[in-house]
Amino acid sequence: MQIILTLDYELFMGSSTGTVDKCLVEPMRRLCQAIEPAQGRFTIFVDACYLLKLQEYSSVYNRAASDLNMITSHLRQLSDAGHDLQLHIHPHWCFSTFDGMRWNVNSSYYKMSDVPDDTLLEMFRAAKAMLEDIKGKPVRVFRAGGFSAQPTELLTRVFEATGLDTDMSVCPGAVYDSAQQQYDYTRCPDKAAYRFSQDLCVEDSAGKFLEIPISTYPVSPLFHWRLALSRVLRLKAHQTFGDGQSIPASSGSVFRRLFTRVPCIVTIDGMKIDNLFAAHSRCHRRGGDLLCVIGHPKLATPYSVDRLSVFCSRLAKQGDKIITASQLHYES
Ligand SMILES: [Zn+2]
């Protein structure tokens, strides 16, 4: 079996965004160490609108210039080490402001569909060009901020205009509707990868674009009660390395998780990494050939990093291999 370990390389989206060192550099160092037993590389989705905004403020504030320098050299090191940098867009950055110390986040533009068409296209072009400049290679794979890649016609329009051809935003079986996130992936094909054209959730073998969904796994309410308890107890092993604040989950989604078994993304974040082991075993039992996992450096914890290392040792013993999105798509 092959495993794609994806990471969304980003600060927090709530009122306190956190710092580059604590949300990105430090947890990445620990995560890279943790996957050493499997000799794997991450597929890293870089929140490139944040970089565009840092660049804009670099001539005004030293802090913006030093954050941008730190990130640029960090990303180059990661790319040189074989990690696969690809495009992630959280559009609200392009509408947010910086006062030299803190970001004032504009929450009206969290989704791609919140942004006027022309502005969105320009944003994608500039963000992709900046990331390609850092990486020194083309960027072709995309993940939408908050998984909100619909409507498909918006996505395919920016793909056509910018040369992107692969999406990794879909979480099969999941549905979400809030001011910040909106998607319905309940009708998606039950496949590790498929081509699409008009509709992200409908396979079209002749389609120009490729979807590699994030794997999902049905999680019981009991697990979510345990998760809630660990948050209340604030145990040190479960404290995130990241030092900002997430946007609170919608009350509807919290309620659903606490009382029904729901499909959840397979992730290495915090305590949720426990479900990775079960999802991996299930994939083996079903004869699956690909598991696509997501994580966020900012949400890594001492516990999750330890468990990731155990997981990677297990992969090495079973002969499973960690590959990047580029290896899957372009080199096979
Ligand atoms: Zn994100």
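Pairs of lysine residues in the chain that meet both criteria, 8 or more places apart or on different chains and Cα atoms under 20 Å apart, total 15.
Over the range 211-274, the pair-distance histogram of Cα-Cα distances with 5 Å bins from zero comes to 3, 15, 22, 28, 20, 10, 2, 0 percent, rounded to whole numbers. Look at the alpha carbon pairs under 8 Å that are at least 6 residues apart: their mean separation over the length of the range 1-93 gives a relative contact order of 34 percent. Anyone know which of Ser230, Ser96, Ser59 comes out most mobile in the 10 Å Cα GNM of the chain? Answer for the Gaussian network model of the chain: Ser59. Local charge for Phe42 was computed over the other residues whose Cβ lies under 11 Å away, with Lys and Arg +1 and Asp and Glu -1, and equals -1.
Each Cα pair under 8 Å and six or more residues apart adds its sequence gap; the mean of these over the residue count of the range 179-297 is a relative contact order of 26 percent. Within the range 90-115, list the residues whose amide N lies under 19 Å from a label point set 7 Å along Cα→Cβ of Ser15. In the range 90-115, the label zone of Ser15 (backbone N under 19 Å from the point 7 Å along Cα→Cβ) covers 93, 96-110.
For the chain, the relative contact order works out to 26 percent when only alpha carbon pairs closer than 8 Å and six or more residues apart are counted.
Sorted into 10 angstrom bins from 0, the C-alpha pair distances of the range 1-138 split as 11, 42, 35, 11, 1 percent. Projected label points at Asp118 and Arg314, each 7 Å from Cα along the beta carbon direction, are separated by 5.3 nanometres.
Placing pseudo-labels 7 Å out from each Cα toward the beta carbon at Ser246 and Gln2 gives an inter-label distance of 2.9 nm. With the gyration tensor restricted to C-alpha atoms of the range 2-330, the semi-axes of the equivalent ellipsoid amount to 27, 24, 21 Å, longest first.
Summing Cβ point charges (Lys, Arg +1; Asp, Glu -1) relative to the Cα centre of the chain gives a dipole of roughly 1300 debye.
Largest GNM mean-square fluctuation among Ile322, Ile247, Ile265, using the chain with Cα springs under 10 Å: Ile247.
Taking other C-beta atoms within 10 angstrom as a stand-in for reagent exposure, Glu56, Glu153 fall in the order Glu153, Glu56, fewest first. Once the chain from Asn106 to Thr72 is taken as fully extended at 0.36 nm per residue, the excess over their C-alpha distance is 9.8 nm.
For the range 178-191, the Karplus equation 6.51 cos²θ - 1.76 cosθ + 1.60, evaluated at θ = phi - 60°, returns couplings of 9, 5, 8, 9, 8, 7, 9, 10, 6, 9, 6, x, 8, 9 Hz by residue, with Gly and Pro reported as x. In the elastic network of the chain, a GNM with C-alpha springs shorter than 10 Å, the most mobile of Pro151, Pro27, Pro213 is Pro151. As a ratio to 2.2 N^0.38 Å, the alpha-carbon radius of gyration computed for the range 78-118 takes the value 1.57. For the chain, the antiparallel share of DSSP beta bridges with both residues in that region comes to about 30%. In the chain, the DSSP-assigned H stretches of four residues or longer account for a calculated mean residue ellipticity at 222 nm of -12000 deg cm²/dmol, using -39500 (n - 2.57) per stretch and the full residue count as denominator.
If the segment from Ser205 to Asp289 were pulled out straight at 0.36 nm per residue, it would be longer than the present Cα-Cα gap by 28.3 nm.
A short reminder: the numbers here are calculations on the coordinates, not readings from a lab. Note that the structure is a prediction, hence the values are computed from the model and not measured. Note: ideal-geometry Cβ built from the backbone for every residue, glycine included; neighbour counts use all protein chains shown.
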